[in-house]
Amino acid sequence: MYIKIWRNYHLSSLVIAALLITAASPRLAVAQENATVATNRTPDVIYVPTPQPVVDKMLEMAAVKQGDVVYDLGCGDGRIVVAAAKKYGVKAVGFDIDPQRVKEANENVKSNKVEHLVTIKQEDIFKLDLREASVVTLYLLPDLNVRLMPQLAKLKPGSRIVSHDFDMRGAKPVQQVQLSTNGGDSEEEHSGSHTIYKWVVPWEPENPEAPRKTEGATAPAAKP
């Protein structure tokens, strides 16, 4: 009698479990499909590598220190997160929606032996929770920077945001540096003048009519 009761209970449990899995399957399938669509959509910007002297200056302006977590949104070949790990010994995460860039970034991480500090993820940056980061680096476009502001505003107080060449209207930068470079190792890198912006969370709302102070610097010439 006990065996029969146990068998009936066991069969009922299996039936209930099967029904639950069947009911959940469509939702799981939709979630997986949405995730695939999100990460396979066309990138918002054309990939242009940031010259290494600009990378170094961005991290310097961000005042990266032990205990920081660096997020690079649109990481390209991963040069910023690799530099952060190698020079400052911090954890860093690079995000890019382009699978080719993710592949290149992972190769860069591996060749520089910083796998223990750096993670590369194929993600839509506009759907990320950025609150774990204390430093965020950007090389996007002005409207994309503005689009990220609601996410960036949730960063911990004191977190730093640095952007190569493009502003974030509505937020007053605490520092703005003009940097001249003389080319780089890659033909894709552009020489000339670069602007780097820095904000600290919570940022000061910007008065559009207020003048800005820009600092000047010259990067070392690239090695032949």
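The values are calculated or read from the model by the stated rules, or taken from the named source; none is laboratory data. If you're wondering where the values come from, they're calculated on a predicted model, not measured in any experiment. Virtual Cβ from ideal backbone geometry, glycine too; neighbours counted across all protein chains shown.
Things to note:
- Residue match in the range 127-136 (condition: in contact with a Pro (Cβ under 8 Å, 6 or more places away or on another chain), buried (at least 21 other Cβ atoms within 10 Å of the Cβ) and assigned to a loop (DSSP other than H, G, I, E, B)): no
- Condition met for PRO43 (at pLDDT below 95 and in contact with a helix residue (DSSP H, G or I) (Cβ under 9 Å, 6 or more places away or on another chain)): yes
- Comparison of GLY158, GLY76 shows that the only residue that is outside any strand (DSSP E or B), surrounded by 21 or more Cβ atoms within 10 Å (Cβ to Cβ) and among the small types (Gly, Ala, Ser) is GLY76.
- Residue under evaluation THR181, criteria (1) crowded, with 17+ Cβ neighbours inside 10 Å; (2) within 24 Å of ARG41 (Cβ to Cβ), criterion not met: (2)
So that you can scan it fast, the table gives a plain yes or no per residue for (1) in the same structural domain as LEU155 (by TED's automatic domain parsing); (2) in contact with a Gly (Cβ under 8 Å, 6 or more places away or on another chain); (3) not aliphatic (A, V, I, L, M):
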site: ALA62; (1), (2), (3): yes, no, no
site: LYS65; (1), (2), (3): yes, no, yes
site: ASP68; (1), (2), (3): yes, no, yes
site: GLY74; (1), (2), (3): yes, no, yes
site: GLY89; (1), (2), (3): yes, no, yes
site: VAL109; (1), (2), (3): yes, yes, no
site: VAL118; (1), (2), (3): yes, yes, no
site: GLN122; (1), (2), (3): yes, no, yes
site: SER134; (1), (2), (3): yes, yes, yes
